[in-house]
1. Assigned to a helix (DSSP H, G or I) and touching a residue at least 60 places away in the same chain (Cβ under 8 Å): which single residue out of 153, 215 fits that description?
2. Got at least one residue in segment 189-200 being in contact with a helix residue (DSSP H, G or I) (Cβ under 8 Å, 6 or more places away or on another chain), in a loop (DSSP other than H, G, I, E, B) and at positive phi?
3. Let me spell it out: the conditions are (1) without any contact (Cβ under 8 Å) to a residue 40 or more places away in the chain; (2) surrounded by 18 or more Cβ atoms within 10 Å (Cβ to Cβ); (3) in contact with a helix residue (DSSP H, G or I) (Cβ under 8 Å, 6 or more places away or on another chain), and residue 172 meets all of them except one. Which number is the exception?
4. With respect to the numbered conditions (1) under 15 Å from residue 169 (Cβ atoms); (2) free of Cβ contacts under 8 Å to residues at least 40 places away in the same chain; (3) in a helix (DSSP H, G or I), which one is the sole condition not fulfilled by residue 225?
5. Filter segment 129-145 down to the residues that are in a helix (DSSP H, G or I) and closer than 21 Å to residue 251 by Cα and list them by number.
6. Being in a helix (DSSP H, G or I) and under 16 Å from residue 166 (Cβ atoms): is that true of residue 253 here?
7. Any residue at all in segment 32-52 that is within 20 Å of residue 136 (Cα to Cα), part of a strand (DSSP E or B) and modelled with pLDDT under 95?
């Protein structure tokens, strides 16, 4: 039996930068392979010490899922550990539309979500498939993120339906785009092909999460007009705030859905 391991990679990023990527592989037999979930905010996924806002406890979720049903997953956490402003820039794709932000903001974020998307698809995925015991192919690959990371998860999965069979879109900061731009982007990108399963989640216990829930429902309704209904689910828990503690149990459900139903997607 090979023991579980959390491995840290330092990878080249755009503009000469370096980006940390952490990879959790559960305990497994020699030759055993797993499906894989790529995630934003790697600093929030594995331990409390890395992030002052809490932790998703993804390692524990994988071990619980494995103990309950025998199916696990490799978790790939891509760090967004710069300032909140830089994180917002990194996880906001420009091709969805221009940002709809308060006029009082002195500096408008430069939208760089496409750069992050390219990094995931062309650098991270090939490196993980080469070095770790993961199963290749669309039905073994998912993407997940929260807040701005939820927007990026939606963008990357829907843009690359040939690579991802599922996306965890948790508390997505969709309100930074106008409904008109979101509808234009959705109708343009949704094609007559096999699209990924979209797991939408929002809370509602604080003002930010209430705004997110409202905008998410608007976007969900847009998807309902042009997307396979069986490829979508929406969970809203009005008593949950905008933080890692809320996303932790939702991730467990998304993980279970992915590893047990991916062949359907």
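The values are calculated or read from the model by the stated rules, or taken from the named source; none is laboratory data. Predicted, not measured: the structure shown is a model, and the values here were computed from it. Ideal geometry is used to build each Cβ from the backbone, glycine not excepted, and the neighbour counts take in all protein chains shown.
1. None of the others qualify; the one that does is 153.
2. Within segment 189-200 (the criterion being in contact with a helix residue (DSSP H, G or I) (Cβ under 8 Å, 6 or more places away or on another chain), in a loop (DSSP other than H, G, I, E, B) and at positive phi), the answer is no, since none of the residues qualifies.
3. Of (1) without any contact (Cβ under 8 Å) to a residue 40 or more places away in the chain; (2) surrounded by 18 or more Cβ atoms within 10 Å (Cβ to Cβ); (3) in contact with a helix residue (DSSP H, G or I) (Cβ under 8 Å, 6 or more places away or on another chain), only one is false for residue 172: (1).
4. (1)
5. 138, 139, 140 - these are the residues of segment 129-145 that are in a helix (DSSP H, G or I) and closer than 21 Å to residue 251 by Cα.
6. Taking the combined requirement at face value, the residue satisfies it.
7. no
Every residue, every condition in (1) crowded, with 24+ Cβ neighbours inside 10 Å; (2) farther than 25 Å from residue 15 by Cα, yes or no:
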position: 128; (1), (2): no, no
position: 136; (1), (2): no, yes
position: 145; (1), (2): yes, no
position: 164; (1), (2): yes, yes
position: 192; (1), (2): no, yes
